[in-house]
Amino acid sequence: KQWYQRRVVITAGGDRPLTIDFLVNKLKMHVLRHEEFKEGCDAACNGPYQGRWSKTMVGYGAEDSNFVLELTYNYGIDKYEIGNDFLGIHINSKDLFESVEGELVSEDTKTIVSPDGYTFCIKNVAPTGSGPVSGVTLASSNLTETIKFWKGILGLKMLEQTEDDAIFGFDENQASVKFVKQSEVSHATAYGRVAFSLPVGELPEVERAAVENKNKILTPFITLSTEGKADVSVVIFSDPDGHEICFVGDEGFRELSKLDPEGARLLDMAMGEDKSKEWFAKKGKAKSAAPTV
């Protein structure tokens, strides 16, 4: 199967400039493209919200060859409660290891926490096939069920396994997904997902397999449009612990994900025009926290 690990989706709280400053100036990532939307996504790309939102792709290189971050921002939502489900984003970079003032957790690894509460683990090694972002770590309440799902149903390779964790990937040259055992998994009010791309003709097969194995379908096969850009088809479902997995048609994704030289400028313009905090302050209100679901 020609499947590719593409991105992980994380949320920005009420201070989008602060989050961007952290990713761009501290972690030395680049804005790859930026898109604004007037209403909620039909595939809940921005979570369970129907208002205006934005999507910013950031990373160390083109989406076609690097594992990148998708930062979603909901206008009017100030903060999200971070659960214990998302344990870390891993970056391999000798230069970043030297420059970042993080917590030294081992001889070759530092951790640093973003303004929104996400942990980044920086390892003092050179990047490999999928670029500096080498993978993510998620929580599992039952490793046996996690292995059954990610290896048995999704078909990922088991790269490593111990009594307390398991690492999966399509091959050693792509970003990996690591699961660490813990007693329970809480997603709180923040949200995110891991995305894979595959030939669009295989999406119905993936959806059928999910249905047959009684996995929860969050978004059945749907084609999404982005104004002025390519349409993409997706199927989204969840694993036994509720981690969201988005399968996107590779053909449309490759067109949509082309590097946009105007991305950073469009983001700067959107942040400059975002007066949501001022509007709420004038009304004597605070921007809303994400509701508990």
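The values are calculated or read from the model by the stated rules, or taken from the named source; none is laboratory data. Computed from a predicted structure; not experimentally measured. All Cβ positions, glycine included, derive from the backbone under ideal geometry; neighbour counts span all protein chains shown. Quick note on the areas: whole protein, heavy atoms, side chains included, nothing else; ligands and nucleic acids left out. Shrake-Rupley method; radii C 1.70, N 1.55, O 1.52, S 1.80 Å.
The lone criterion from (1) in contact with a helix residue (DSSP H, G or I) (Cβ under 6 Å, 6 or more places away or on another chain); (2) touching a residue at least 40 places away in the same chain (Cβ under 8 Å) left unmet by Ile245 is number (1). A count restricted to the stretch 36-47 and to residues that are under 16 Å from the mean Cα position of the chain (by Cα) and at negative phi stands at 4.
Of the strands (runs of 3 or more DSSP E) lying entirely inside the stretch 44-108, those containing at least 1 residues that are under 21 Å from Ile167 (Cα atoms) and open to solvent by less than 40 Å² (accessible area, probe 1.4 Å) span 68-74, 86-92.
With the requirement that a residue be of a type in the set (S, T, N, Q) and closer than 20 Å to Leu143 by Cβ, what does the stretch 231-254 give you? Passing the criteria: only Ser238. Is there a residue in the stretch 57-64 that is under 27 Å from Lys94 (Cβ atoms) and modelled with pLDDT under 85? Yes. For the stretch 200-226, filtering for residues that are without any contact (Cβ under 8 Å) to a residue 40 or more places away in the chain and within 19 Å of Lys258 (Cβ to Cβ) leaves 2. Anything in the stretch 81-106 that is free of Cβ contacts under 8 Å to residues at least 24 places away in the same chain, within 26 Å of Asp241 (Cβ to Cβ) and of a type in the set (S, T, N, Q)? List them, or say none. Those that are free of Cβ contacts under 8 Å to residues at least 24 places away in the same chain, within 26 Å of Asp241 (Cβ to Cβ) and of a type in the set (S, T, N, Q): none in the stretch 81-106.
Tell me yes or no: at least one residue of the stretch 16-25 is in a strand (DSSP E or B) and touching a Ser or Thr at 6+ places or on another chain (Cβ under 7 Å). No, the conditions are met nowhere in the stretch 16-25.
Could you list all residues from the stretch 21-35 that are under 19 Å from Ser99 (Cβ atoms) and under 15 Å from the mean Cα position of the chain (by Cα)? If the condition is that a residue be under 19 Å from Ser99 (Cβ atoms) and under 15 Å from the mean Cα position of the chain (by Cα), then Leu23, Met29 are the ones that fit.
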